[in-house]
Number of protein chains: 2
Amino acid sequence: MRVLVLGADGYLGWATCMHLSALGHDVAGVDNYFRRDAARRLDLPPLLDPPPLPQRARIWKGLSGREVVVQALDVTDLAALFRLCEEFRPQAVVHYAEQPSAPYSMMGAAEAHFTLVNNLVSTLNLVQVVGRLDPGVHIVKLGTMGVYGTPNIDIEEGYLTLTHKGRTHTFLYPKTPGSLYHLTKAQDSDLLYFYVRLWDLAVTDLNQGPVYGLFTDEAGGDERLLPPFSYDDVFGTVLNRFVTQAAAGLPLTIYGAGGQTRGYINLKDTLTCVRLALENPPPRGEYRVFNQFTETFSVLELAQMVRQAGEALGTKVEVRHVPNPRREEESHYYNPVHRGLVELGLNPHLLTGEVLGEMLSFVMGHRDRVRPDLMAPRVSWGRAG
Amino acid sequence: MRVLVLGADGYLGWATCMHLSALGHDVAGVDNYFRRDAARRLDLPPLLDPPPLPQRARIWKGLSGREVVVQALDVTDLAALFRLCEEFRPQAVVHYAEQPSAPYSMMGAAEAHFTLVNNLVSTLNLVQVVGRLDPGVHIVKLGTMGVYGTPNIDIEEGYLTLTHKGRTHTFLYPKTPGSLYHLTKAQDSDLLYFYVRLWDLAVTDLNQGPVYGLFTDEAGGDERLLPPFSYDDVFGTVLNRFVTQAAAGLPLTIYGAGGQTRGYINLKDTLTCVRLALENPPPRGEYRVFNQFTETFSVLELAQMVRQAGEALGTKVEVRHVPNPRREEESHYYNPVHRGLVELGLNPHLLTGEVLGEMLSFVMGHRDRVRPDLMAPRVSWGRAG
């Protein structure tokens, strides 16, 4: 299958390119290098900062003999995206080309504007190009569980059928996102759902929980092929940050009470989920939604698990509560359905002590690079920038 | 009260400026003249094409002795909006500054892009400026009933409380819009709702049905103060088009079966609704929604009413069904609640034979200007542009 990966330079992008390439697919990957540039501008270097795409593609070719065609391209440039698709003729597109950070989107007016325009225009452009060239192309878009917020009822997988005053209707599940970033992901889901209804596109939306992990089968022992492991408060995800704090002998910082519960997923499972979605496309005219995570934990539970994993390695881990910079429920009901991907064959990697120990050991090996100043929250949700 | 009207040049904008000015409020109005420019570019001149804002402000000052400060300004220019608000210090902002046409948004990729970026960035900029300068400023945003689509259950006023698997939650009412324009209106409602939750803004969202009419108390007999009456398939609303077709001796063109039912409102009532919202602001932290229409009709019913009004004036009116260029239900359940504005004091002008006769007579008096070629639908929902 010819698969185009938009946002190929990110945490998930290059790992996805290699995974699909290893399976024998023809893969092309593009990126505008936003996250890389923003991390440099904000002085938030990842623990691992992989080489640019062309270099990784060369390393991968040397390792696997397989070619991934990569290119610097901004998906918000409609003409450029159209030319690329006209030439490469993808049968499926994996869409990661979004500003991926909630805190970044809450920094100020400029970052909010960038997040809104980048995320929605990239999605609109993809729809327009697919609609024009071949409406049968399968769009696999990375969403986020964060679009749902924390409603007091079960979170279903995409849709909600309800009875109101004796009549019944099925809606797309209503979203109550907690950051502008999450809002834009809900908005681009609405865009996709709309154009599916209109032009009978075939779309899979993967509402993913926070991802953790470093290792993939394809990267093997080559550190240059590992993802850009961020642990800072802007681009890092919570478990990666906790592991880094533990590895560096710093207290784990819990925002507020720590009862915030989310669904988590191992990076390896993300790759499997994307593969399963690609291998089992929905028919045209279906907007399919999967809730892409494997287990739920509260922040407190995560901290406890990291503490135990640290202790198993002989490291004492402190846990500290800090004022919550976000505006969110710190104790709430949370019961999201996540059946679809399991039914397609997902066999989860769970968050065991062994998995945490492996991550911890790796980060400990790079402890000298950890900058403690990057981990304190500095973006507040509660005031205009 | 100091009220800033964004989109002051449009169908509702200048009428609102005069209405609020006549009530003694200090009014400033801005516009980027998008609709005027687009109508010229697309060769879709309105039946009435009022003079630019500065000239209308001068006429209004001559008539009323009251000053409305007007300015050409694009609300998507954050710095310009910030400067204006810093200087004028509005206590309330009426936000009409959006690309207002569903067919325009469905023309092609460029128009879709413009609609998305203009509508969302104008709303985001307003939020950012209010959040920075004074979060207590009341934002009154013109929404549309079209965001709801035609669900099989009652459309409540803004929110939906539902019980699912024995648990209860109140969501913002889920939206299923039928055009990209309507989608952007749902998306900017989501933006406003989000920032209300975050920064405790005070917002009223007026989900308005299609507006009809020409006359306002403030314009009186001066035709130069009437709104830009569009009857074309892009910028015209359905009843204004039917009246124009009848006045010009052309058949009323019904899209498809004609069972499409919507809530309608007289232009005069729009002004009253905006005034009522301004005079009764919600507390900070409330995102308040009103469904702003007074009666529901199917397209077929409207056509019958226009036919009868024409016959009362001695004009034979034909009705013709044409293939529906839109993708929508042509027969559906429709029962939207519209209580909030009535509770605040709205006393509706209903769509009587007299009201229709008055519109018909006026348009007949300008029959020579009607261009029949502007009324056939030319934008199809069903294919990529």
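Worth a mention:
- Using a 7 Å projection from Cα along Cα-to-Cβ, the label point at A:E343 is separated from the same position in the remaining copies by 4.1 nm, smallest value first.
- Surrounding net charge for B:G213, when Lys and Arg each add one and Asp and Glu each subtract one, Cβ distance under 10 Å: -1
- Helical segments meeting 24 Å axial Cα length and Kyte-Doolittle -1.0 threshold in chain A (DSSP H): A:109-133, A:180-199
- Separation of the range B:34-56 and the range A:108-150, taken as the distance between their Cα centroids, equals 33 angstrom.
- Fewest-first sequence of A:E98, B:E330, B:E87 by Cβ atoms within 10 Å of each Cβ: B:E87, B:E330, A:E98
- Euclidean distance between Cα centres, the range B:247-279 to the range B:166-188, Å: 22 Å
- Neighbouring Cβ atoms from other chains, within 10 Å of the Cβ of residues in B:187-195, number 4 on average.
- Over 27 Å (Cα to Cα) - which of A:K185/B:K175; A:K165/B:K141; B:K185/B:K268; A:K61/A:K268 fall in this group: A:K165/B:K141
- Burial ordering of B:V289, B:V69, fewest other beta-carbon atoms within 10 Å first: B:V69, B:V289
- Inter-chain neighbour count for A:123-130: the average number of beta-carbon atoms from partner chains within 10 Å of each residue's beta-carbon is 3.
- Normalising the average separation of contacting C-alpha pairs (under 8 angstrom, six or more residues apart) by the number of residues puts the relative contact order of chain A at 20 percent.
- Potential lengthening between B:H321 and B:T163 on full extension [0.36 nm per residue; Cα-Cα distance subtracted]: 52.7 nm
- For the range B:45-194, size of Cβ-based charge dipole, Lys and Arg +1, Asp and Glu -1, in debye: 200 debye
- For A:G259, the distances from its label point to the matching points in the remaining copies are 4.9 nm, ordered from shortest, with each point set 7 Å beyond Cα toward Cβ.
- Gained length - A:A376 relative to A:H332, 0.36 nm times residue gap less alpha-carbon distance: 13.4 nm
- Inter-copy separations for B:D200, label at 7 Å along Cα-Cβ, nm, ascending: 5.3
- Mean residue ellipticity (222 nm) of the protein assembly as shown, computed from DSSP H runs ≥ 4 via -39,500 (n - 2.57), nearest 500: -11500 deg cm²/dmol
- Within 10 Å of the Cβ of each residue in A:324-336, the mean number of Cβ atoms contributed by other protein chains is 1.
- 3J(HN,Hα) from dihedral phi, the range B:89-95, Karplus parametrisation 6.51/-1.76/1.60, rounded to Hz, x for glycine, proline: 6, x, 9, 8, 10, 9, 9
- Against the rule of thumb 2.2 N^0.38 Å, how large the Cα Rg of the protein assembly as shown comes out: 1.00
- Rg/Rh ratio calculated on Cα atoms of chain B (Kirkwood radius): 0.95
- The region of chain A that goes longest without hitting one of the trypsin sites (Lys or Arg not before Pro) in a DSSP loop, each with at most 12 other Cβ atoms within 10 Å, is A:1-164.
- Cα-centred dipole magnitude for chain B, charges only on beta-carbon of K, R (+1) and D, E (-1), debye, nearest 20: 420 debye
Values quoted throughout were computed directly from the atomic coordinates according to the rules given, and no laboratory measurement underlies them. Quantities reported herein were computed from a predicted structural model and do not represent experimental measurements. Cβ: placed from backbone, ideal geometry, glycine included. Neighbour counts: every protein chain shown.
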